1. Looking only at segment 55-100, how many residues end up being within 20 Å of Asn126 (Cα to Cα) and charged (D, E, K, R)?
2. Is it true that some residue in segment 251-273 is charged (D, E, K, R), modelled with pLDDT of 90 or more and touching an Asp or Glu at 6+ places or on another chain (Cβ under 9 Å)?
3. Filter the strands (runs of 3 or more DSSP E) completely within segment 1-68 down to those with at least 1 residues that are farther than 21 Å from Gly94 by Cα and among the hydroxyl-bearing types (Ser, Thr, Tyr).
4. Under 9 Å between Cβ atoms, which residue pairs at least 6 apart in sequence (or on different chains) link something in segment 7-23 that is of a type in the set (Gly, Ala, Ser) with a partner that is surrounded by 12 or more Cβ atoms within 10 Å (Cβ to Cβ)?
5. Output the helices (runs of 4 or more DSSP H) that fall wholly within segment 235-327 and possess 3 or more residues being more than 28 Å from Met70 (Cβ to Cβ) and out of contact with any Ser or Thr (no Cβ under 7 Å at 6 or more places or on another chain), or say none.
6. Take segment 44-84 and flag every residue that is crowded, with 17+ Cβ neighbours inside 10 Å, within 19 Å of Met1 (Cα to Cα) and not hydroxyl-bearing (Ser, Thr, Tyr).
7. Could you grab me the full set of residues in segment 272-296 that are farther than 19 Å from Asp248 by Cβ and among the β-branched types (Val, Ile, Thr)?
8. Just to be sure, is Glu244 at pLDDT below 85, over 29 Å from Tyr75 (Cα atoms) and out of contact with any helix residue (DSSP H, G or I) (no Cβ under 9 Å at 6 or more places or on another chain)?
Amino acid sequence: MYRILFVEDDEAIRFLVSKYHFWKQSDFSVAGEAGNGKEALALMAQKTYDVVITDIRMPVMDGLELCRQMKRRGYEMPVILASTYSDFAYAKEGMRLGALEYIEKPYSCEKMEEALEIARNYLEQNGDRQTEMLYHKLLEVTETTGGIAAEIIKGEELRFQGQTLKVRATLEKQLELVLEYMGKQAPWIPVLDKMDVCIGERVLTDVERVLQELRYLIDRYHLEKPDSMMVRITTIISESVLQEHIQDIVAEEMGFSKDYLAKQFRGKIGITMSEYCMRVKMEYAKRLLKDTNKKVYEIGEELGYTTVDYFTRLFKNYTGCTPAYYRKYGDVV
């Protein structure tokens with residue numbers, strides 16, 4: 001069964017399309033719904049989908065920007081764009097960005113079936129090549145853990161490659177994070193209780209289970225090297241210091257939920273992500289106070305604080321002095 005993510009800002013239309021009678025006879029199903037591109041990306045970070053059907057005109061993030069973001073983040077599932085005839089120029093832009101097909105609104109069973117048939121052909125033609133690529137990525141990751149899991153996969157190679165496996169961009173992204181975190185010279189970590197389970201089953205055909213195993217090893221035994229996930233998070237925060245909702249930006253860039261990242265961050269850094277964001281903003285404010293002639297309220301507004309009093313209070317709690325004092329005398333000794 002192929003899983004569809006349906007992106008449409010009109011809730012009534014989403015409901016009607018999800019009730020189309022042909023879903024019962026089809027090997028496609030609407031597995032997720034989103035009201036705009038931003039919501040769609042959040043769902044992609046949590047679950048896997050085979051096809052995306054998206055409206056072009058939507059608030060917050062439209063269909064074209066969704067296509068751009070998917071391309072930038074490495075999502076390879078086919079995209080079907082939907083819009084009115086007057087938006088055909090936008091549809092052409094979407095095709096240039098990699099969309100597979102375009103259907104004209106209003107939706108109908110016939111239009112949907114035709115577009116999904118094209119998507120099915122695409123998935124079938126690309127499935128074998130992507131399965132081969134993912135197999136070798138899995139093998140590379142498991143070999144960094146010492147070779148036992150890799151030998152199990154090699155033993156199941158024929159069965160693994162003979163199965164139908166839909167490549168999921170989210171899982172590939174997690175694989176890359178695992179590789180980056182563990183490095184090519186990562187030592188073998190003897191987790192006998194976990195490995196015994198794998199050896200006994202002799203089956204590693206479920207990609208998600210392999211990834212969960214590797215993430216379990218990482219989270220529990222912490223390889224002795226800088227935590228690249230934390231490095232990436234702090235880098236994103238520093239680069240987004242002037243943006244609103246920084247934690248949402250981090251979650252989107254990393255491809256994990258905010259709750260998961262917040263828990264990981266506090267456990268490894270020792271403070272909450274909100275506290276860290278505030279510290280980054282205060283350090284940025286210190287630079288502006290020293291290097292520019294901007295007024296205190298202007299700096300506060302630039303950093304997203306609605307009142308100068310609130311900004312001043314945060315700054316004083318962080319540095320021990322007011323912004324005006326810091327500009328004149330520097331840090332409190």
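The values are calculated or read from the model by the stated rules, or taken from the named source; none is laboratory data. Note that this is a predicted model, so its numbers are computed, not measured. For neighbour counting, all protein chains shown are included, and Cβ atoms are generated from backbone atoms with ideal geometry for every residue, glycine included.
1. 5
2. no
3. Counting at least 1 such residues, we get 2-7, 28-34.
4. Pairs found: Ser18/Phe6; Ser18/Val30; Ser18/Glu33.
5. 258-269, 273-291, 296-302, 308-319
6. The answer is Met44, Asp50, Val51, Val52, Ile53, Met77, Pro78, Val79, Ile80.
7. The answer is Thr292, Val296.
8. no
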